[in-house]
1. Any chance you could look up the accessible area of LEU38 with a 1.4 Å probe, heavy atoms only, rounded to 10 Å²?
2. Mind checking the full-extension length gain between THR58 and GLN139? Use 0.36 nm per residue of separation minus the Cα-Cα distance, one decimal, nm.
3. Can you classify region 53-95 as rounded, prolate or oblate using the Cα gyration tensor, where a ≥ b ≥ c are the square roots of its eigenvalues, rounded means a/c under 1.5, and otherwise it's prolate if a/b beats b/c and oblate if not?
4. Could you order SER37, SER113, SER60 by accessible surface area, starting with the largest, using a probe radius of 1.4 Å?
5. Jot down the per residue volume, in cubic angstrom and as a whole number, of the convex hull over the alpha-carbon atoms of region 77-158.
6. Mind listing the long-range amide H neighbours of LEU67? Cut-off is under 5 Å, sequence gap 5 or more, other chains count too, H placed in the peptide plane at 1.01 Å from N.
7. Hey, what number do you get for the chain at 222 nm if only DSSP H runs of n ≥ 4 count, each worth -39500 (n - 2.57), divided across all residues, to the nearest 500?
8. Can you give the FRET efficiency to the nearest 0.05 for THR47 and LYS74, using r as the Cβ-Cβ distance and R₀ = 22 Å?
Amino acid sequence: MRHLAQNTGRYEWYTPQWLIERVHRALGAIDLDPASSLVANEIVGATSYYTEADDALTKSWRGRVFLNPPYARKVIDAFIDHLLRQRKLGNCVEYVVLVNNATETRWAQRLLSASSDVCFLSRRVRFINPHGASGGPLQGQMVCYAGANGDRFVFAFQDVGVVADLAARDKRLKIVG
(Lines give C-alpha, C1' and ligand atoms only; values in the text may rest on other atoms or scores of the structure.)
Protein backbone atom coordinates (compact mmCIF):
# COMPACT_ATOMS: atom_id res chain seq x y z
CA MET A 1 0.00 0.00 0.00
CA ARG A 2 1.28 3.45 -0.87
CA HIS A 3 1.63 5.93 1.94
CA LEU A 4 1.22 9.69 1.96
CA ALA A 5 4.85 10.15 2.94
CA GLN A 6 5.72 8.98 -0.57
CA ASN A 7 4.16 12.10 -2.11
CA THR A 8 7.13 13.79 -3.73
CA GLY A 9 5.48 16.81 -5.33
CA ARG A 10 7.74 16.28 -8.33
CA TYR A 11 5.08 14.90 -10.60
CA GLU A 12 3.00 17.33 -12.57
CA TRP A 13 -0.73 16.90 -12.02
CA TYR A 14 -3.43 19.26 -13.28
CA THR A 15 -6.69 20.27 -11.66
CA PRO A 16 -9.71 18.89 -13.53
CA GLN A 17 -12.12 21.17 -15.38
CA TRP A 18 -15.13 20.54 -13.10
CA LEU A 19 -13.20 21.94 -10.14
CA ILE A 20 -11.73 24.90 -12.02
CA GLU A 21 -15.24 25.90 -13.13
CA ARG A 22 -16.21 26.15 -9.46
CA VAL A 23 -13.09 28.19 -8.67
CA HIS A 24 -14.06 30.67 -11.40
CA ARG A 25 -17.58 30.89 -9.94
CA ALA A 26 -16.14 31.54 -6.48
CA LEU A 27 -13.56 34.13 -7.51
CA GLY A 28 -15.19 35.61 -10.61
CA ALA A 29 -11.84 35.21 -12.38
CA ILE A 30 -8.38 33.93 -11.52
CA ASP A 31 -5.74 36.64 -11.60
CA LEU A 32 -2.84 34.37 -10.64
CA ASP A 33 -2.01 30.68 -10.45
CA PRO A 34 1.42 30.62 -8.78
CA ALA A 35 2.05 26.87 -9.15
CA SER A 36 1.28 26.23 -12.78
CA SER A 37 2.52 25.59 -16.29
CA LEU A 38 1.52 26.48 -19.83
CA VAL A 39 -0.45 23.22 -20.15
CA ALA A 40 -2.15 23.58 -16.75
CA ASN A 41 -3.18 27.14 -17.52
CA GLU A 42 -5.09 25.94 -20.57
CA ILE A 43 -7.58 24.52 -18.05
CA VAL A 44 -7.15 27.07 -15.25
CA GLY A 45 -7.40 30.16 -17.44
CA ALA A 46 -5.53 32.47 -15.06
CA THR A 47 -4.58 35.93 -16.28
CA SER A 48 -1.04 35.28 -15.00
CA TYR A 49 0.75 32.19 -13.80
CA TYR A 50 4.15 31.16 -12.52
CA THR A 51 5.96 28.02 -13.59
CA GLU A 52 8.58 26.14 -11.63
CA ALA A 53 11.24 28.10 -13.56
CA ASP A 54 9.70 31.41 -12.41
CA ASP A 55 10.17 30.53 -8.72
CA ALA A 56 6.84 31.82 -7.43
CA LEU A 57 8.11 31.98 -3.87
CA THR A 58 10.28 34.98 -4.80
CA LYS A 59 7.40 36.95 -6.36
CA SER A 60 4.35 38.92 -5.24
CA TRP A 61 1.00 37.19 -5.59
CA ARG A 62 -1.58 39.80 -6.50
CA GLY A 63 -5.34 39.76 -6.89
CA ARG A 64 -7.51 36.65 -6.87
CA VAL A 65 -5.23 33.64 -6.43
CA PHE A 66 -5.93 29.99 -7.18
CA LEU A 67 -3.35 27.69 -5.64
CA ASN A 68 -2.94 23.95 -6.12
CA PRO A 69 0.57 23.71 -4.64
CA PRO A 70 3.12 20.95 -5.06
CA TYR A 71 2.38 18.44 -2.30
CA ALA A 72 5.93 17.62 -1.21
CA ARG A 73 6.21 18.30 2.53
CA LYS A 74 8.61 21.23 2.66
CA VAL A 75 7.38 22.69 -0.62
CA ILE A 76 3.73 22.82 0.42
CA ASP A 77 4.76 24.49 3.69
CA ALA A 78 6.61 27.18 1.75
CA PHE A 79 3.71 27.77 -0.67
CA ILE A 80 1.13 28.06 2.11
CA ASP A 81 3.37 30.38 4.13
CA HIS A 82 4.00 32.59 1.09
CA LEU A 83 0.27 32.73 0.29
CA LEU A 84 -0.57 33.78 3.83
CA ARG A 85 2.18 36.45 3.82
CA GLN A 86 0.86 37.83 0.53
CA ARG A 87 -2.66 37.93 1.97
CA LYS A 88 -1.45 39.71 5.11
CA LEU A 89 0.40 42.26 2.96
CA GLY A 90 -2.83 42.93 1.05
CA ASN A 91 -1.48 41.66 -2.27
CA CYS A 92 -3.76 38.61 -2.41
CA VAL A 93 -7.32 39.91 -2.06
CA GLU A 94 -8.98 36.50 -2.36
CA TYR A 95 -7.79 32.94 -2.61
CA VAL A 96 -9.01 29.46 -3.35
CA VAL A 97 -6.56 26.73 -2.35
CA LEU A 98 -6.90 23.08 -3.30
CA VAL A 99 -4.92 20.73 -1.04
CA ASN A 100 -5.07 17.29 0.53
CA ASN A 101 -7.28 17.33 3.60
CA ALA A 102 -4.32 16.67 5.87
CA THR A 103 -5.86 18.61 8.72
CA GLU A 104 -3.30 17.29 11.21
CA THR A 105 -0.38 19.05 9.50
CA ARG A 106 0.99 22.42 10.59
CA TRP A 107 0.52 23.93 7.11
CA ALA A 108 -3.13 22.83 7.04
CA GLN A 109 -3.75 24.26 10.50
CA ARG A 110 -2.25 27.59 9.40
CA LEU A 111 -4.30 27.59 6.19
CA LEU A 112 -7.56 26.71 7.93
CA SER A 113 -6.92 29.36 10.61
CA ALA A 114 -6.49 32.04 7.93
CA SER A 115 -9.41 30.92 5.73
CA SER A 116 -13.01 32.05 6.04
CA ASP A 117 -14.55 28.95 4.44
CA VAL A 118 -13.61 25.38 3.60
CA CYS A 119 -15.18 22.65 1.50
CA PHE A 120 -14.34 19.06 2.36
CA LEU A 121 -14.93 17.42 -1.00
CA SER A 122 -17.20 14.37 -1.01
CA ARG A 123 -15.04 12.59 -3.56
CA ARG A 124 -11.34 12.45 -4.24
CA VAL A 125 -10.09 14.68 -7.02
CA ARG A 126 -8.77 12.66 -9.94
CA PHE A 127 -5.94 14.92 -11.05
CA ILE A 128 -4.78 14.75 -14.68
CA ASN A 129 -1.20 14.02 -15.68
CA PRO A 130 0.58 15.62 -18.68
CA HIS A 131 -0.48 12.67 -20.87
CA GLY A 132 -4.19 13.25 -20.15
CA ALA A 133 -4.67 10.26 -17.83
CA SER A 134 -6.30 10.73 -14.45
CA GLY A 135 -4.65 9.40 -11.33
CA GLY A 136 -6.04 7.75 -8.25
CA PRO A 137 -5.32 10.07 -5.31
CA LEU A 138 -4.10 8.70 -2.01
CA GLN A 139 -6.51 10.76 0.10
CA GLY A 140 -9.34 13.26 -0.09
CA GLN A 141 -9.01 16.98 -0.65
CA MET A 142 -10.27 20.23 0.81
CA VAL A 143 -10.76 23.59 -0.82
CA CYS A 144 -10.08 26.66 1.33
CA TYR A 145 -11.26 30.20 0.68
CA ALA A 146 -10.50 33.65 2.06
CA GLY A 147 -11.92 36.92 0.85
CA ALA A 148 -14.98 39.13 0.90
CA ASN A 149 -17.19 36.84 -1.21
CA GLY A 150 -17.73 33.81 0.99
CA ASP A 151 -21.32 33.45 -0.25
CA ARG A 152 -20.04 32.97 -3.81
CA PHE A 153 -17.65 30.29 -2.57
CA VAL A 154 -20.45 28.49 -0.74
CA PHE A 155 -22.70 28.65 -3.82
CA ALA A 156 -19.90 27.33 -6.06
CA PHE A 157 -18.91 24.39 -3.83
CA GLN A 158 -21.93 23.36 -1.76
CA ASP A 159 -22.95 20.61 -4.20
CA VAL A 160 -19.56 18.82 -4.11
CA GLY A 161 -18.93 18.50 -0.38
CA VAL A 162 -19.53 19.79 3.12
CA VAL A 163 -18.87 23.52 3.31
CA ALA A 164 -18.02 25.03 6.67
CA ASP A 165 -18.01 28.71 7.59
CA LEU A 166 -14.77 29.26 9.48
CA ALA A 167 -15.21 33.03 9.83
CA ALA A 168 -17.49 32.74 12.85
CA ARG A 169 -14.63 31.54 15.07
CA ASP A 170 -16.26 32.67 18.29
CA LYS A 171 -19.33 30.54 17.50
CA ARG A 172 -19.77 26.88 16.78
CA LEU A 173 -18.65 25.71 13.38
CA LYS A 174 -21.44 26.45 10.92
CA ILE A 175 -22.07 23.84 8.23
CA VAL A 176 -23.50 25.50 5.16
CA GLY A 177 -25.97 23.80 2.84
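The values are calculated or read from the model by the stated rules, or taken from the named source; none is laboratory data. Predicted model, so just to flag it, every value in this text is computed and none were measured. Note: ideal-geometry Cβ built from the backbone for every residue, glycine included; neighbour counts use all protein chains shown. Keep in mind that these areas ignore ligands, DNA and RNA; they rest on the heavy atoms of the full protein, side chains included. Shrake-Rupley method; radii C 1.70, N 1.55, O 1.52, S 1.80 Å.
1. Around 120 Å² of this residue is reachable by solvent.
2. Difference between extended and current length: 26.2 nm.
3. Values: a/c = 1.81, a/b = 1.62, b/c = 1.12.
Since a/c reaches 1.5 and a/b is larger than b/c, the shape of region 53-95 is classed as prolate.
4. Putting SER37, SER113, SER60 in descending order of accessible area: SER113, SER60, SER37.
5. Working: hull volume 9.2 nm³, N = 82.
For region 77-158, the hull spanned by Cα atoms encloses 113 Å³ per residue.
6. For LEU67, the qualifying residues are VAL96, VAL97, LEU98.
7. -8500 deg cm²/dmol
8. E(calc), rounded to 0.05, equals 0.15.
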